[in-house]
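What follows is a single structure, written as structure tokens, with notes after it.
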Amino acid sequence: MKKKVALITTGGTIASKRNDKNKLESGKLDGNAILSMCQLENEMNIELIDLYQIPSMHMTFENLNLLNRTIHRVFEDPSVSGVVVTHGTDSLEETAYFLELTVNDERPIIITGSQKSPEDIGTDVYSNLRNSLLVASSDQAKNIGTCVVFNEKIIHSKYVKKVHSSSINGFGAIGYGMLGFIDNDEVVIYQKPTNKEVYEIQETYPNVEIVLAYLGASSIILDALYDAKIEGLILVGAGRGQITPRMTNTIEKLCQNGTKVVLTTSTEEGRVFPTYDYYSSANNLKDQGVIMGGDFEPKKARLKLLLMLANANTDFDSFMH
């Protein structure tokens, strides 16, 4: 009996065409136009849902909520083995982690895209989509959560990151590796995530912004966010989580004003930790009420904090696990 997989398209380079200026326009192709090249018609039943045809940096939380509801509706059918979502690569990792945090099902959700357009020489469109459909239909893929399949790699959404702006090897997980890979149509999975947390989607979400610390950074941006009564802030420190002295006073004011501030690191590997004890260190920030953000990448931390605040969840220690 053939497996059944739902394919939800949202646009991006994987669905792009060149215009008369020889520039790519995202989301110009529907799902059938690219699906026909994957040569899987005789191997599985594919339910195609053309949801959006937009560039991924045009994605909004309203779009994400509809995508979430669409996946939940698809999973009402017990015969569906998994879901594949095609997506532009610029915000692909954020959409993937949003779905990881808001869908609770043992069946896999696979997000994929391409770095080249369908008509480019050496395009990765068809291999990425074919491999994603194979993973979504695999019995091995149960309980892997939401993953990104790209360039034959299977990478969990919490740690996946766009690591190259144009190469077909565009996504990786520095320091954490893959969950598995696809080799000559064989899906090989050798590890699975151990933790799962789920939040309800909401009609509106709090405003959570990201601010980067760097040598000599001032408080200008933080002061503006304080005046705007920002609800959440992801602070990107250096190393173990240090910021500049000029930023620190406003961070203290934000915490006193009720803003939830999560400290992350700009490094590719490792956690923030209150190792040092001086003004503007992670330990100093923790004493002011800043939440330690563990090994979270800033954009992923933003999504988690945003969903926690929207759901009135106060288990901020979970950032360290």
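No lab work stands behind these numbers, since they all come straight from the coordinates. Remember, predicted model here, so these are calculated numbers, not experimental data. Please note: Cβ atoms are built from the backbone with ideal geometry, for glycine as well, and neighbour counts cover all protein chains shown.
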* Asked: Given H placed on each backbone N at 1.01 Å, which residues far from ARG240 in sequence or on other chains put an amide H within less than 5 Å of it?
  -> none
* **region 208-320, dipole about Cα centre (Lys/Arg Cβ +1, Asp/Glu Cβ -1), debye to the nearest 20** => 120 debye
* Roughly what % antiparallel, to the nearest 5, for the DSSP beta bridges in the chain? -> 30 percent
* DSSP-assigned coil residues among GluC sites (Glu not before Pro) in region 59-102, each with at most 16 further Cβ atoms within 10 Å -> GLU76
* Mind checking the dipole of region 3-189: about its Cα centre, +1 per Lys or Arg Cβ, -1 per Asp or Glu Cβ, Debye to the nearest 20? -> 380 debye
* Asked: Which stretch or stretches of region 126-152 have amide N atoms under 16 Å from the point lying 7 Å from GLU106's Cα along the Cα→Cβ direction?
  -> 137-146
* Asked: Around PRO108, with a cut-off of 14 angstrom between Cβ atoms, what is the net charge of the other residues, counting Lys and Arg +1 and Asp and Glu -1?
  -> +2
* Computed over region 94-138, the ratio Rg/Rh where both radii use C-alpha atoms and Rh is Kirkwood -> 1.07
* Within 10 Å, count the other beta carbons around each residue, average over each peptide in 131-139, 274-282, 256-264, and list them highest first. => 131-139, 256-264, 274-282
* Using the Cα centre as the reference, give the magnitude of the dipole from point charges on the C-beta atoms of the chain (Lys, Arg: +1; Asp, Glu: -1; all else neutral), rounded to the nearest 20 debye. => 340 debye
* To do: First select every other residue whose beta carbon is under 13 angstrom from the beta carbon of TYR278; then total the charges, Lys and Arg +1, Asp and Glu -1.
  => 0
* Structure fact -> Cα-based Rg then Dmax for region 188-321, in Å, read 14.9, 51
* Asked: Looking at GLY175, VAL83, LEU29, which one has the Cα that reaches farthest to the positive end of the dipole of the chain (charges on Cβ: Lys, Arg +1; Asp, Glu -1)?
  -> GLY175
* To do: Pairs of Cα atoms under 8 Å, at least six residues apart: use those to get the relative contact order of the chain, whole percent.
  => 13 percent
* Structure fact -> So the number of lysine pairs in region 175-321 with alpha-carbon atoms under 13 angstrom apart, 8 or more residues apart or on different chains, is 5
* Asked: Once the Cα atoms of helix 245-256 and of the chain are each reduced to a long axis, what angle between those two axes, in degrees from 0 to 90 to the nearest 10, is obtained?
  -> 80 degrees
* Asked: Rg/Rh for region 39-94: what does it come to with C-alpha atoms and Rh from Kirkwood?
  -> 1.00
* Interchain or long-range residues, amide H under 5 Å from LYS4's placed H -> ASN45, SER81
* Asked: Given q = 0.06, 0.11, 0.16 Å⁻¹, what are the Debye log10 I(q)/I(0) values for the chain, with equal point scatterers placed on the Cα positions and solvent ignored?
  -> -0.22, -0.71, -1.26
* Tally Lys/Arg at +1 and Asp/Glu at -1 over every other residue whose Cβ is under 12 Å from the Cβ of GLY145; what's the total? -> +1
* Cα-based equivalent ellipsoid, region 117-161: semi-axes from gyration tensor eigenvalues, Å -> 22, 13, 6
* **Helix-only [θ]222 nm of the chain, DSSP H runs n ≥ 4, -39500 (n - 2.57) each, per residue, nearest 500** => -7500 deg cm²/dmol
* What whole number of Å gives the distance from the Cα centroid of region 16-70 to the Cα centroid of region 226-257? -> 39 Å
* Taking Cα centroids, how far is region 275-298 from region 135-203 in Å? -> 30 Å
* Placed amide H near VAL85: partners under 5 Å, 5+ positions off or other chain -> ILE8, ILE110, ILE111, THR112
* **Radius of gyration and Dmax over the Cα atoms of region 3-189, both given in Å** => 14.8, 46
